[in-house]
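Chemist: Encoded as structure tokens, here's the structure I'll be asking about.
The values are calculated or read from the model by the stated rules, or taken from the named source; none is laboratory data. Fair warning: this is a prediction, and the values are worked out from it, not measured in the lab. A quick note on method: Cβ atoms are made from the backbone with ideal geometry, for glycine too, and the neighbour counts reach across all protein chains shown.
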Amino acid sequence: MMTGPGATPEDIQHLRAHYGLDRSLSAQFVIYLGQLAMGDLGTSISLRQDVGELILGRLPVTLELTVFAMLIAIGCGACLAIVGSYWRSRWPEAIIDSAIGIIVAIPDFLWALAFILILGVVIPVMPIFGRLDLALEYQSYTEFYLIESALRGRFDVTGSVLWHMILPGVALALPLMAVGARVLKSSLNVEMTQDYAALAHTKGFSRLQVILKEALRNALIPAVTLTGVQLTFLIGGTVLIERIFGYPGLGNMAIDAVINRDLPLIQGIIITFAIIFILVNFLIDLINTILNPRLRDG
């Protein structure tokens with residue numbers, strides 16, 4: 001693939017020697033680790049560009065979409081959990097539990113297809129492809145369109161980026177939101193049976209005040225842990241969602257790399273996702289330490 005269809009056996013052998021492919025697998029692995037330690041992820045076979053530069057060009061797109069989806073999931077999930085705990089054993093809790101069960105049962109890519117069909121085809125009110133309106137011209141320096149355009153005063157670009165992020169972001173967020181809401185609501189219900197919650201009631205606090213001021217902090221610990229685990233799945237879910245919506249992120253490029261059998265690019269993307277997963281889990285551990293004083297003392 002790298003030499004082209006008209007390559008001679010000598011050309012192929014020269015290229016194999018140049019990349020060390022004529023050596024043993026162990027020697028190739030050592031060479032690869034050495035290049036990796038120097039930040040060299042290799043050259044894309046299909047695009048003929050440096051893999052590191054390609055990833056850096058697409059990573060901000062995926063990070064913006066992931067953070068947007070995460071904010072939706074955390075905000076809406078927390079609201080559902082608080083409302084469900086407040087109306088415990090009443091009809092609003094039953095409705096919330098039913099909705100959570102339905103949302104959990106449907107994967108993110110089916111939500112994406114449903115959104116495209118309903119809001120993009122039947123009632124065409126939302127953009128279903130790309131990251132920015134084609135009529136807008138914008139030269140980005142960091143590829144973080146949302147933040148950069150707002151700082152530069154290009155609010156037309158900011159609005160367009162947000163408008164294009166809604167459907168893929170919501171499709172990504174819904175499963176995470178449902179799981180987080182279920183766990184947080186269960187934790188809140190347990191915390192509301194504790195002695196400190198009963199003491200707060202005797203002091204004249206309303207049920208909502210007890211939930212927000214007393215129980216929520218303790219209930220967040222298991223919810224944050226599970227959310228961190230689910231967040232890694234959310235990042236991996238961008239692969240399909242970006243493909244469905246034609247979103248120019250790292251996940252979309254990963255599918256192209258697999259189709260083209262572009263091994264250096266596939267390896268670089270997998271390593272990037274692995275680093276993100278490690279950082280996310282490390283951040284979740286830090287947040288749990290802040291929320292739980294016993295972990296700090298330990």
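Chemist: Looking only at the stretch 138-152, filter to residues that are aliphatic (A, V, I, L, M) and out of contact with any helix residue (DSSP H, G or I) (no Cβ under 6 Å at 6 or more places or on another chain); which one of those is farthest from Arg58 (Cα to Cα)?
Modeler: Restricting to residues being aliphatic (A, V, I, L, M) and out of contact with any helix residue (DSSP H, G or I) (no Cβ under 6 Å at 6 or more places or on another chain), the top hit is Leu151.
Chemist: Here is a follow-up. Checking the structure you have, find out if any residue of the stretch 11-30 is assigned to a loop (DSSP other than H, G, I, E, B) and in contact with a strand residue (DSSP E or B) (Cβ under 8 Å, 6 or more places away or on another chain). Full working, then the answer.
Modeler: The initial filter retains those residues of the stretch 11-30 that are assigned to a loop (DSSP other than H, G, I, E, B), namely 19-24.
Restricting the remaining residues to those that are in contact with a strand residue (DSSP E or B) (Cβ under 8 Å, 6 or more places away or on another chain) gives none.
No, that holds for no residue.
Chemist: Answer yes or no: is there a residue in the stretch 236-244 that is crowded, with 17+ Cβ neighbours inside 10 Å and more than 19 Å from the chain's Cα centre (by Cα).
Modeler: Filtering the stretch 236-244 down to residues crowded, with 17+ Cβ neighbours inside 10 Å leaves 237-244.
Those still in the list that are more than 19 Å from the chain's Cα centre (by Cα) too: none.
No - not one qualifying residue is present in the stretch 236-244.
Chemist: Now for a separate question. In the stretch 147-160, what residues are touching a Ser or Thr at 6+ places or on another chain (Cβ under 7 Å) and buried (at least 18 other Cβ atoms within 10 Å of the Cβ)?
Modeler: Hits for the stretch 147-160 are Glu148, Ser149, Val157, Thr158.
Chemist: Quick test of your reading of the structure: Ser85 fulfils all but one of (1) assigned to a loop (DSSP other than H, G, I, E, B); (2) in contact (Cβ under 8 Å) with a residue 60 or more places away in the chain; (3) polar (S, T, N, Q). Name the failing condition by number.
Modeler: Failed condition: (1).
Chemist: Might you check whether a residue that is in a helix (DSSP H, G or I), under 28 Å from the mean Cα position of the chain (by Cα), over 27 Å from Ile271 (Cβ atoms) and of a type outside the set (A, V, I, L, M) occurs anywhere in the stretch 58-76? Walk me through how you get there before you give the answer.
Modeler: So the first thing to find is which residues in the stretch 58-76 are in a helix (DSSP H, G or I), and the list is 58-76.
Among the residues that remain, those that are also under 28 Å from the mean Cα position of the chain (by Cα) are: 58-76.
Of the ones still in play, those that are also over 27 Å from Ile271 (Cβ atoms) are 72, 74-76.
Filter again for of a type outside the set (A, V, I, L, M), leaving 75-76.
Yes - at least one qualifying residue is present in the stretch 58-76.
Chemist: Would you pick out the residues in the stretch 33-54 that are assigned to a helix (DSSP H, G or I) and surrounded by 20 or more Cβ atoms within 10 Å (Cβ to Cβ)?
Modeler: Val51, Leu54
Chemist: Val104 versus (1) modelled with pLDDT of 90 or more; (2) under 27 Å from Val280 (Cβ atoms): which is the lone unmet condition?
Modeler: Only one criterion is unmet by Val104, namely (1).
Chemist: Mind checking which residues of the stretch 190-209 are within 38 Å of the chain's Cα centre (by Cα), assigned to a loop (DSSP other than H, G, I, E, B) and loosely packed, with under 13 Cβ neighbours inside 10 Å?
Modeler: Correct list: Thr193, Ser206.
Chemist: Out of the residues in the stretch 17-38 that are of a type in the set (Gly, Ala, Ser) and at pLDDT 85 or above, state the one that is nearest to the chain's Cα centre (by Cα).
Modeler: Ala37
Chemist: When the residues of the stretch 102-126 are narrowed to those that are free of Cβ contacts under 8 Å to residues at least 60 places away in the same chain and not hydrophobic (A, V, I, L, M, F, W, C), which ends up surrounded by the most Cβ atoms within 10 Å (Cβ to Cβ)?
Modeler: Per the stated criteria, the residue is Gly120.
Chemist: Assuming Gln139 fulfils every condition listed in (1) touching a residue at least 12 places away in the same chain (Cβ under 8 Å); (2) in a loop (DSSP other than H, G, I, E, B); (3) over 24 Å from Asp108 (Cα atoms) apart from one, which condition is it?
Modeler: If we test Gln139 against (1) touching a residue at least 12 places away in the same chain (Cβ under 8 Å); (2) in a loop (DSSP other than H, G, I, E, B); (3) over 24 Å from Asp108 (Cα atoms), just (1) comes out false.
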